[in-house]
Amino acid sequence: MQPMSAAEIRERFQRFFEERGHTRVPPAPLLASDDPTLLFVNSGMAPFKRVLTGEERRDYVRAVDSQPVLRVAGKHNDFEEVGRTPRHQTLFEMLGNWSFGDYFKRDAIHWAWEFLTETLGIPPERLAATVYTDDDDAHRVWAEEIGLPPDRLVRWGNIAEGNEQNFWRMGDTGPCGPCSEIHFDRGAEFSEGPGCVPDHSEHCPRWLEIWNLVFMEFDRAADGSLTALPFRSVDTGMGLERVTSAIQGVDSNYRTDLFAPIIERLAQHIGHDPDTVESERFSYQVVADHSRAMTFLLAEGVKPSNEGPGYVLRRIMRRAVRHGRLLGIAEPFLRETSSVVIDLMGEAYPHLAEGRETILDAIEAEEEKFARTLEAGSARLDELVEAGGEISGADAFRLHDTFGFPIDLTVEIAGERGVSVDRAGFDAAMAEQRERSRGEKRGALRLDPEVAALRSEFIGYPNETSADDLRVLAVVPGEPSAVVLDRTPFYAEGGGQIGDRGELIGPNGRLRVDDTQRTGDAIAHLGELSGTLAVGDLVRAEVDAERRWGAARNHTGTHLLHRALRDVLGEQAKQAGSWVGPEALRFDFPATSATPREALRAVERLVNAQIRRDAPVKPEWMAMDDAQALGADMFFGEKYLPESVRVVQVDGYSKELCGGTHVASTGQIGQLVITGESSIGSGLRRIEAVTGEAAEELVGTRLEALRATAQLLGEREENVPQRVEALLSRLREAERAAKAPRAAEARLDAAAALHGAQQAGNTKAVVQVYPDADAAALRGLADDLRGMTGRFVLVAAAGGDGKPSLLVAASRDLTAEGFDAGAIVREAAPIIGGGGGGRPDLAQAGGRDGSRLDDALREAARLALESLQRIESA
């Protein structure tokens, strides 16, 4: 009997819980755009985080889903382990059922047991469970109601002693609770002795964890104390790849039908036999896994780049290319493997099939781009390895910067040859490059040393924006031109605040100032010169006052934000960088995890309380010793003169060394609104905010959008989220209902196909074209024929929606005698400008040229009949 497919397991799981009152929820995008703590969705619970914390309410209390997740960054990062173990993947699917304040432990355990033993047919004696040490409720259900014997029911964990086995938490603080893991017994032959028992670490290969049932009932405080949540929830996660390996009786996720077709296609492309595939399994598994991850990322519109999600994608693609080279592939090949991913998963995730050509074209372009530097980069890396010793951070950075080698690829290649890489040195070189990039404008300013040695006096405090009779000390024509004055009200970029703009007006010309920078002791006004300015001219300076005022508001707002952040998160939240412009502000600080929403709201409230207080802002020059005695904060690489520093105090609240421009009192800021919080690198977070009119405009726009939405819905404004979610749920239900009858109507007539079949010896051969059908309809026809007749071959073509497709299927007794549908499809598919493949009993191809569909059908039929003749005559 053919093992159950992964696609069937996925569908049965969701249907099982739908029948028990759960709403089927569509998968969320991999890009975690709604969660500033994540780059990608890395767990099944991520899309439901705000529901589980009570911040968001939906119109259902029970949910079921199949959620693709990606673990390539941050705490959950499986990138380095992919290909080396049978169970690590970058991308995998998490099946989950959820209760938000509805059912709890007993129902969750009973339904899990019922699904595994009855729906999937796993023998009960091959399942075991673990529970948290003092979770007597879960233990009683397993022992007394399910009937698990003591040798297959284990207690683990003690959070008081730092052992968090069978206790799950969302983060350092927040919802958490005990969990119960279900393990599959792979057989005594995998046992490694009497200590082989089910546990979270899976130290013994006999036991495979396939499902985790989390019972969230506590709220964890920063001191580790636990209090009861206002409502209890169930969050379960079952990895589709893992449970499929158990059902299909294989020892690795990579041998399931989720990966095996990708590996088979790759082997066929190279010409490797099964023994060679086994000897090169590590590289085959890397390519298969990475093909899935890149396909899903590209389908969501991610483009290979050098930052953010695009950089992760580029790392994945380039590692796959490198492992292709290890397998002996010199030409682009990832289009082939990605095409199989789309064939396998396009039905469950339609956006893959819809974006097929865009995805495949992007893969081909990136692969060709990397190929141009791979050979040269590999040669340079070989030289570094052969030189012996550790590869320096500077050399690793040059490989990255010049040859496009991601650092993890350099580490992997060097590690295979016993050579280490200075990762800390590489990180420092990357940080230096980022700093150079941020200072690009400044770096472009190359003044003669004599000009840079001139001294300019800044006369723009507290907020002076104009001055007369300023003497020109130097003029440097160019693009941009630079003018240095003896005195100036223009603020030069520094301390995070951008340089002023405005105009210098002289007797015979003027300079439109687009930026102001300091070089040495000189303040350079940069911009477009019209007419002439000469050394010795007296000019008038006019700073863009509105722009300066916006920067002043935001700079004082940054000081308030800094102090409030440390009040809420602790003194460790010190400034690590900032950017202050007229429209907005950014503030960087060290943190290992995202700032919770409630903490950001608390920071915002503290800042706005200080603004309403209209506290005086007092800049004062003093000796460094006096500033230190005052307790003034000093941060992030500013150069302070020992004899005199400027301290900016917000009366009774904050004290910082700062050379920037500020408001006279906090009330002039108006208000501050935090617009975002995100990661900007390992251990660094960034808060973005607006003040004054920008904050007022933002709040007004959002309120107006809320009012308009409420009016359209006929609801009170506070009820809009619940009403929108209810409407979306009804829309999803309507879409599912609308699809059901179309699927039935699209079923092809298997009886009619058999009636018109040719007889080839003892085999019925159906050769037919269905102009209006699609690929799914052809697969349905093959399934129906398999259930209606014995020995058969089906060669069918479809052209529905203008997408030509070809399918060859055969009864499994024929495949045992040598019939290979995959080989036939691969040979015929190029006729329609496509590619395809599959198993010996079922293979399919898609193409771009529908005008030659009949030719492809004839060729596939010819090959199929020739194969039948060989079998019948054998």
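The values are calculated or read from the model by the stated rules, or taken from the named source; none is laboratory data. Because the structure is predicted, anything quoted here is derived from the model rather than measured. Note that each Cβ is placed from the backbone with ideal geometry, even for glycine, and that neighbours are counted across all protein chains shown. These area figures cover heavy atoms from the full protein model, side chains too; ligands, DNA and RNA do not enter into them. Shrake-Rupley method; radii C 1.70, N 1.55, O 1.52, S 1.80 Å.
Per-structure values
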read-out: Residue match in region 826-838 (condition: within 37 Å of the chain's Cα centre (by Cα), outside any helix (DSSP H, G or I) and under 23 Å from Gly761 (Cβ atoms)); value: no
read-out: Condition check for Ser378: of a type in the set (Gly, Ala, Ser), crowded, with 20+ Cβ neighbours inside 10 Å and either assigned to a helix (DSSP H, G or I) or at pLDDT below 90 (or both); value: no
read-out: Qualifying positions in region 774-820 - open to solvent by 10 Å² or more (accessible area, probe 1.4 Å), within 18 Å of Asp849 (Cα to Cα) and of a type in the set (A, V, I, L, M, F, W, C); value: Ala775
read-out: Options Thr410, Thr358; residue that is of a type in the set (S, T, N, Q) and out of contact with any strand residue (DSSP E or B) (no Cβ under 7 Å at 6 or more places or on another chain); value: Thr358
read-out: Conditions (1) within 17 Å of Arg87 (Cα to Cα); (2) basic (Lys, Arg); (3) touching an Asp or Glu at 6+ places or on another chain (Cβ under 7 Å): number failed by Arg255; value: (3)
read-out: Members of region 652-670 that are modelled with pLDDT of 90 or more, assigned to a loop (DSSP other than H, G, I, E, B) and surrounded by fewer than 21 Cβ atoms within 10 Å (Cβ to Cβ); value: Tyr653, Gly659, Ala664, Gly670
read-out: Meets criteria (more than 17 Å from the chain's Cα centre (by Cα), of a type in the set (Asp, Glu) and either open to solvent by 30 Å² or more (accessible area, probe 1.4 Å) or modelled with pLDDT of 95 or more (or both)) for Glu93; value: no
read-out: Qualifying positions in region 312-352 - without any contact (Cβ under 8 Å) to a residue 24 or more places away in the chain and either in a loop (DSSP other than H, G, I, E, B) or over 15 Å from Thr295 (Cβ atoms) (or both); value: Ala330, Glu331, Gly346
read-out: Residue match in region 128-137 (condition: part of a loop (DSSP other than H, G, I, E, B), farther than 13 Å from Thr236 by Cβ, open to solvent by less than 20 Å² (accessible area, probe 1.4 Å) and modelled with pLDDT under 95); value: yes
read-out: Any hit, region 633-647, residues being in contact with a Pro (Cβ under 8 Å, 6 or more places away or on another chain), open to solvent by 20 Å² or more (accessible area, probe 1.4 Å) and in a loop (DSSP other than H, G, I, E, B); value: no
read-out: Residue satisfying all of: in region 40-85; modelled with pLDDT under 85, open to solvent by 20 Å² or more (accessible area, probe 1.4 Å) and under 21 Å from Leu600 (Cα atoms); nearest to the chain's Cα centre (by Cα) among these; value: Lys49
read-out: Filtered residue count, region 396-407, keeping only those that are open to solvent by less than 10 Å² (accessible area, probe 1.4 Å) and either out of contact with any Lys or Arg (no Cβ under 6 Å at 6 or more places or on another chain) or modelled with pLDDT of 85 or more (or both); value: 3
read-out: Near pairs, Cβ below 9 angstrom, 6+ apart or cross-chain, from region 370-382 (more than 19 Å from Ser420 (Cβ to Cβ)) to any residue that is in a helix (DSSP H, G or I) and open to solvent by 50 Å² or more (accessible area, probe 1.4 Å); value: Thr373/Thr402; Leu374/Arg325; Ala376/Thr402
read-out: Search result, residues across region 336-350 that are of a type outside the set (Asp, Glu), within 18 Å of Pro804 (Cα to Cα) and open to solvent by 20 Å² or more (accessible area, probe 1.4 Å); value: Leu344, Pro350
read-out: Verdict on Asp223 being in contact with a Leu (Cβ under 7 Å, 6 or more places away or on another chain), at pLDDT below 95 and farther than 30 Å from Arg826 by Cβ; value: no
read-out: Whichever residue in region 844-874 is closer than 21 Å to Arg812 by Cβ and polar (S, T, N, Q) and, among such residues, is surrounded by the most Cβ atoms within 10 Å (Cβ to Cβ); value: Gln844
read-out: Check on Gly502, modelled with pLDDT under 95 and not basic (Lys, Arg); value: no
read-out: Residue tally, condition under 41 Å from the mean Cα position of the chain (by Cα) and without any contact (Cβ under 8 Å) to a residue 24 or more places away in the chain, over region 643-678; value: 0
read-out: Members of region 679-725 that are over 28 Å from the mean Cα position of the chain (by Cα) and open to solvent by less than 30 Å² (accessible area, probe 1.4 Å); value: Thr691, Gly692, Ala695, Ala710, Val720
read-out: Residue satisfying all of: in region 465-478; in a loop (DSSP other than H, G, I, E, B) and in contact (Cβ under 8 Å) with a residue 40 or more places away in the chain; most open to solvent (accessible area, probe 1.4 Å) among these; value: Pro477
read-out: Matching strands (runs of 3 or more DSSP E) fully within region 152-270 where at least 1 residues are without any contact (Cβ under 8 Å) to a residue 60 or more places away in the chain and open to solvent by 10 Å² or more (accessible area, probe 1.4 Å); value: 153-156, 167-169, 207-220, 226-239
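Yes or no, residue by residue, for (1) closer than 20 Å to Leu297 by Cβ; (2) modelled with pLDDT under 90; (3) crowded, with 17+ Cβ neighbours inside 10 Å:
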| position | (1), (2), (3) |
| --- | --- |
| Leu334 | yes, no, yes |
| Glu354 | yes, yes, no |
| Glu364 | yes, no, no |
| Lys369 | yes, yes, no |
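So that you can scan it fast, the table gives a plain yes or no per residue for (1) over 29 Å from Glu8 (Cα atoms); (2) surrounded by fewer than 17 Cβ atoms within 10 Å (Cβ to Cβ); (3) among the aliphatic types (A, V, I, L, M):
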| site | (1), (2), (3) |
| --- | --- |
| Gln285 | no, no, no |
| Ala288 | no, no, yes |
| Ala293 | no, no, yes |
| Gly301 | no, yes, no |
| Pro304 | yes, no, no |
| Glu307 | yes, yes, no |
| Ile316 | no, no, yes |
| Leu326 | yes, yes, yes |
